[in-house]
1. Over the stretch 46-112, with a single point scatterer placed on each C-alpha, what log10 of the ratio I(q)/I(0) does the Debye formula yield at q = 0.14, 0.19, 0.25, 0.29 1/Å?
2. Going by how many other beta carbons lie within 10 Å of each one, how would you line up Thr101, Thr82, fewest first?
Amino acid sequence: MTNKHSVCPKAARLAAALFRPFTAAVLTVLSTEGLIGTGAFAKPAGYDFKLVAALGDPLPGGLSFINDFEPGAINNRGDIFTGADTGIGDEFQGEGVFLFTKDGQLSVLGQC
């Protein structure tokens, strides 16, 4: 299966460099949880889940999130790093790499 959208080399390199260390940590935690069997679907005490962004949400410059969000990472401060397709309406315009801080601020790290 191939992606119907062209890949932005700048965003792809940035995402690869930033995702790599987080992916190893997430996979380690997930595999440890699976071995221990602590109920991965239970809501852990002390955690809250809230909507950070949704498809159709606006971005600076008149674009919005479309299609999907790419796998990302969450750091120990609650900041979220992710990639997403961007567009106008349902029309694909490009890709971006984004940081959502715990206090709800959105930073566009790269977009093309």
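1. Rounded to two decimals, the profile gives -0.39, -0.70, -1.14, -1.44.
2. Thr101, Thr82
Every read-out reported here was derived from the displayed coordinates using simple, explicitly stated rules and does not represent laboratory data. The structure presented is a predicted model; accordingly, all values stated were derived computationally and were not measured. Every residue, glycine among them, receives a Cβ derived from its backbone with ideal geometry; neighbour counts consider all protein chains shown.
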